[in-house]
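Q: Below you will find the structure I want to go over with you.
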Amino acid sequence: MKLGFLVDLNLCMGCKGCEVACKVENEVPLGSWRLRVKYIDIGTFPEASRSFTPLRCNHCESAPCERICPVSALHYLENGIVNVDSSRCIGCAGCMMACPYGAIYMDPETNTADKCTYCAHRVESGMMPACVVICPVQANIFGDIDDDESHISRYIMEHQGAVQVRKPEKNTIPKHFYVGGGNQTLNPLAQQRIEGYSLFNNVTHLKHIGNPHESVIDRFLEPFETEEKLDNRSFVDFDNKAYEGGH
Amino acid sequence: MVEHGIHATQAVVTLDVPLPGIIWGWMITLNMWAKSIGTGVIIVGAFLLYRHKKEEMPNLRWQMPLISFIFLNIFLLFTLTDLHHPYRMVNIFLHPHWTSAITVGAWMASLFTALVTVMLVIGYFDAHPYTGKNWKLAKVARENSSFYEKIFPFVVFLAFPVTLYTAIIMAEAAARELWQTPAEVMQMIWAALLAGSAGLIMISGSWSKESRKDLALVLAIATLFSFLMYMGEYFFSFKSAEAEATLAYVHSGGEYNAEFWFAMVLGFIIPFFLAVRNMKEDNRTLLRFAAILALIGLYLAKDVWLKIPQMLNLS
Ligand code: SF4
Ligand code: SF4
């Protein structure tokens with residue numbers, strides 16, 4: 001069994017339902033994303049169009065992130081999923097340097113690497129990933145690409161010639177496919193980023209959540225620190241002034 | 001190429017998450033720089049011992065492992081500190097993943113540091129016969145003095161993979177097209193020779209002129225070839241679209257451009273000429289000055305090379 005993913009970009013309408021479903025299902029912290037939908041405007045008026053590209057881990061068959069991880073925190077499951085064991089991760093960020101798709105982030109709460117796991121926990125109990133279930137136009141197709149009769153395999157065969165992966169030249173053998181994509185949507189070097197494309201440029205975290213830019217000393221003291229007890233009062237007493245200008 | 005360019009595609013990202021920014025920062029630069037010194041002094045020290053009599057370099061036997069020990073510990077400290085979970089470093093030894101150059105490197109560097117420590121202890125107590133007369137450690141060290149010479153060839157042999165494994169980590173970092181294996185391996189070798197000769201120049205005040213001349217020669221060769229390698233990569237980056245886009249952060253001016261050229265001129269070109277001059281007429285102060293400049297230059301060059309690929313958007 002080899003699980004794969006396909007997104008039909010002709011169907012995606014950029015509602016970001018998958019992004020939200022992923023956030024909720026996996027409790028992805030503020031400022032981090034396992035899955036995101038990128039908006040790209042193409043052409044010039046009046047020949048302009050907007051395209052939407054969901055981006056997540058490709059679960060590469062030859063995954064550089066798995067290869068570089070010194071402790072096998074990133075590892076393959078039998079079904080081909082590249083999974084993360086955050087209790088083993090040492091936080092070296094080697095995987096973030098290795099993944100050619102920028103699919104890995106450092107979780108500011110656990111200070112460990114994390115990424116899309118194709119919802120391995122749901123798949124294990126026979127469910128579809130949260131992003132697949134939520135998609136109102138069924139643009140996300142998930143299944144066994146080893147099985148010729150699966151929906152995804154048939155979809156790939158029906159769209160032969162139009163099925164693409166990101167950065168095939170990297171030889172990572174991605175197991176995440178796109179239909180209806182092109183250079184403009186799948187190649188980051190062909191896109192221009194102009195000021196203001198992101199709403200989340202400067203996300204600050206509440207003290208108890210941790211901070212990716214925490215001090216060096218904190219990293220050594222962390223195991224000895226006791227968690228601050230939180231109740232509703234904590235939020236009422238929250239000092240907004242200290243965080244002003246953060247967003 | 002024009003059909004792939006932004007002017008042709010007219011593709012503008014209008015909504016996305018922010019770029020992650022620099023993840024491996026100055027601590028990793030410092031880590032690589034310190035490792036180059038820690039391994040380089042052993043490699044260059046071995047070269048000097050091959051070329052000259054021990055008596056020409058009286059303090060080399062204990063000061064070479066001392067410099068190596070200090071900088072290897074700086075390297076290990078910052079390796080640990082850069083981890084988001086420093087205490088979990090132990091997982092590298094408990095759950096090693098051997099396809100990772102980080103794992104192989106951590107094991108080799110630990111062994112290397114242990115052996116250098118042994119050399120330092122023996123070398124120090126041999127050089128200071130009146131220190132710690134009643135200490136058990138000093139006694140054991142002096143009794144096993146010949147062990148130093150026995151392990152030295154192995155330490156020299158190990159110094160090469162220890163200095164080079166970071167190049168393999170960079171090669172495994174498949175996302176960063178600028179870091180290519182053969183080029184990075186060569187860069188690391190030149191960095192070790194540069195840092196090793198510069199480190200030993202600092203303690204070479206009482207050495208024979210000939211041995212200092214050899215140090216100046218190694219420094220001159222290392223600075224020249226480091227410079228040429230960087231120039232090659234700087235001007236021939238067009239071989240890959242990603243490397244070209246990465247180097248645009250240097251080509252197009254700005255802080256990395258200034259840092260890069262500062263490193264090239266102050267760190268490589270000036271020390272090269274100072275070292276060449278020193279091979280003709282021995283001037284200790286000038287040679288030390290060249291060594292300090294070269295070490296600063298090496299840090300800056302490594303810093304630019306580490307950071308610019310991380311500014312590129314990957315998806
Ligand atoms: S997309 Fe990145 S994180 Fe996912 S398997 Fe491939 S290399 Fe690893
Ligand atoms: S950050 Fe964690 S998951 Fe990533 S390579 Fe390092 S140990 Fe492995």
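Q: State all residues of the range A:1-18 that are in contact (Cβ under 8 Å) with a residue 60 or more places away in the chain and not aliphatic (A, V, I, L, M); if no residue qualifies, say none.
A: Answer for the range A:1-18, where residues must be in contact (Cβ under 8 Å) with a residue 60 or more places away in the chain and not aliphatic (A, V, I, L, M): A:2, A:4, A:5, A:8, A:10, A:12, A:15, A:17, A:18.
Q: Taking the range A:172-200 only, how many residues are under 20 Å from residue A:65 (Cα atoms) and in contact with a Cys (Cβ under 9 Å, 6 or more places away or on another chain)?
A: 5
Q: Going by the conditions given, is residue B:152 within 14 Å of chain A (Cβ to nearest Cβ), aromatic (Phe, Trp, Tyr) and part of a helix (DSSP H, G or I)?
A: In short, no.
Q: Let me ask something else. In the set A:81, A:134, which member is within 13 Å of ligand 1 (Cβ to nearest atom) and modelled with pLDDT of 95 or more?
A: None of the other options fit; the residue is A:81.
Q: Could you check, for the range B:111-124, whether at least one of its residues is within 14 Å of chain A (Cβ to nearest Cβ) and either under 30 Å from residue B:214 (Cβ atoms) or modelled with pLDDT of 95 or more (or both)?
A: no
Q: Determine, yes or no, whether residue B:190 is of a type in the set (Phe, Trp, Tyr), more than 13 Å from every other protein chain (Cβ to nearest Cβ), crowded, with 21+ Cβ neighbours inside 10 Å and away from ligand 2 (no atom under 16 Å from the Cβ).
A: Spelling it out, residue B:190 is indeed of a type in the set (Phe, Trp, Tyr), more than 13 Å from every other protein chain (Cβ to nearest Cβ), crowded, with 21+ Cβ neighbours inside 10 Å and away from ligand 2 (no atom under 16 Å from the Cβ).
Q: Output the residue which, of all residues in the range A:56-105 that are among the charged types (D, E, K, R) and near ligand 2 (Cβ under 10 Å from one of its atoms), is most open to solvent (accessible area, probe 1.4 Å).
A: A:67
Q: Here is a further query. Does residue B:312 satisfy the criteria of being in contact (Cβ under 8 Å) with a residue 24 or more places away in the chain, within 14 Å of chain A (Cβ to nearest Cβ) and of a type in the set (A, V, I, L, M)?
A: So residue B:312 passes the test.
Q: So residue A:17 passes all but one of these: (1) more than 21 Å from residue A:101 (Cα to Cα); (2) of a type outside the set (Asp, Glu); (3) surrounded by fewer than 16 Cβ atoms within 10 Å (Cβ to Cβ). Which condition number does it fail?
A: Of the numbered conditions (1) more than 21 Å from residue A:101 (Cα to Cα); (2) of a type outside the set (Asp, Glu); (3) surrounded by fewer than 16 Cβ atoms within 10 Å (Cβ to Cβ), the odd one out for residue A:17 is (3).
Q: When the residues of the range A:84-131 are narrowed to those that are assigned to a strand (DSSP E or B) and touching a residue at least 40 places away in the same chain (Cβ under 8 Å), which ends up farthest from ligand 1 (Cβ to nearest atom)? Walk me through it before giving the result.
A: Keep residues of the range A:84-131 that are assigned to a strand (DSSP E or B), which gives A:84, A:105-106, A:113-114.
Right, trim to touching a residue at least 40 places away in the same chain (Cβ under 8 Å) and you get A:105-106, A:113-114.
Working: A:105: 10, A:106: 13, A:113: 9, A:114: 10 Å.
If we take residues in the range A:84-131 being assigned to a strand (DSSP E or B) and touching a residue at least 40 places away in the same chain (Cβ under 8 Å), then A:106 is farthest from ligand 1 (Cβ to nearest atom).
Q: I would also like to ask the following. Those residues that are touching a residue at least 60 places away in the same chain (Cβ under 8 Å) and either surrounded by fewer than 17 Cβ atoms within 10 Å (Cβ to Cβ) or not hydrophobic (A, V, I, L, M, F, W, C) (or both), I need them from the range B:32-59; list them, please.
A: Selection gives B:35, B:36, B:38, B:39, B:40, B:45, B:51, B:52, B:56, B:58, B:59.
Q: Out of curiosity, is residue B:174 more than 19 Å from residue B:300 (Cβ to Cβ), open to solvent by 10 Å² or more (accessible area, probe 1.4 Å) and either touching a His at 6+ places or on another chain (Cβ under 7 Å) or part of a loop (DSSP other than H, G, I, E, B) (or both)?
A: Against the criterion (more than 19 Å from residue B:300 (Cβ to Cβ), open to solvent by 10 Å² or more (accessible area, probe 1.4 Å) and either touching a His at 6+ places or on another chain (Cβ under 7 Å) or part of a loop (DSSP other than H, G, I, E, B) (or both)), residue B:174 qualifies.
Q: Of everything in the range B:219-241, what is touching a residue at least 60 places away in the same chain (Cβ under 8 Å), open to solvent by 20 Å² or more (accessible area, probe 1.4 Å) and of a type outside the set (Ser, Thr, Tyr)? Give them in sequence order.
A: Listed by number, the list holds a single entry, B:241.
Q: Return yes or no: is residue B:105 assigned to a helix (DSSP H, G or I), open to solvent by less than 50 Å² (accessible area, probe 1.4 Å) and touching a Phe, Trp or Tyr at 6+ places or on another chain (Cβ under 6 Å)?
A: So residue B:105 fits the description; yes.
Q: List pairs: first in the range A:174-192 and at the interface with another protein chain (Cβ under 7 Å from one of its Cβ atoms) and surrounded by fewer than 23 Cβ atoms within 10 Å (Cβ to Cβ), second assigned to a helix (DSSP H, G or I) and among the charged types (D, E, K, R), Cβ under 8 Å, 6+ apart or cross-chain?
A: The qualifying pairs are A:189/B:242.
Q: Regarding residue A:124, is this residue away from every other protein chain (no Cβ under 13 Å) and open to solvent by 70 Å² or more (accessible area, probe 1.4 Å)?
A: yes
The values are calculated or read from the model by the stated rules, or taken from the named source; none is laboratory data. Nothing here was measured: the structure is a model prediction, and the numbers come from that model. Note: ideal-geometry Cβ built from the backbone for every residue, glycine included; neighbour counts use all protein chains shown. In case anyone asks, the SASA skips ligands and DNA or RNA and just uses the protein heavy atoms, side chains included. Shrake-Rupley method; radii C 1.70, N 1.55, O 1.52, S 1.80 Å.
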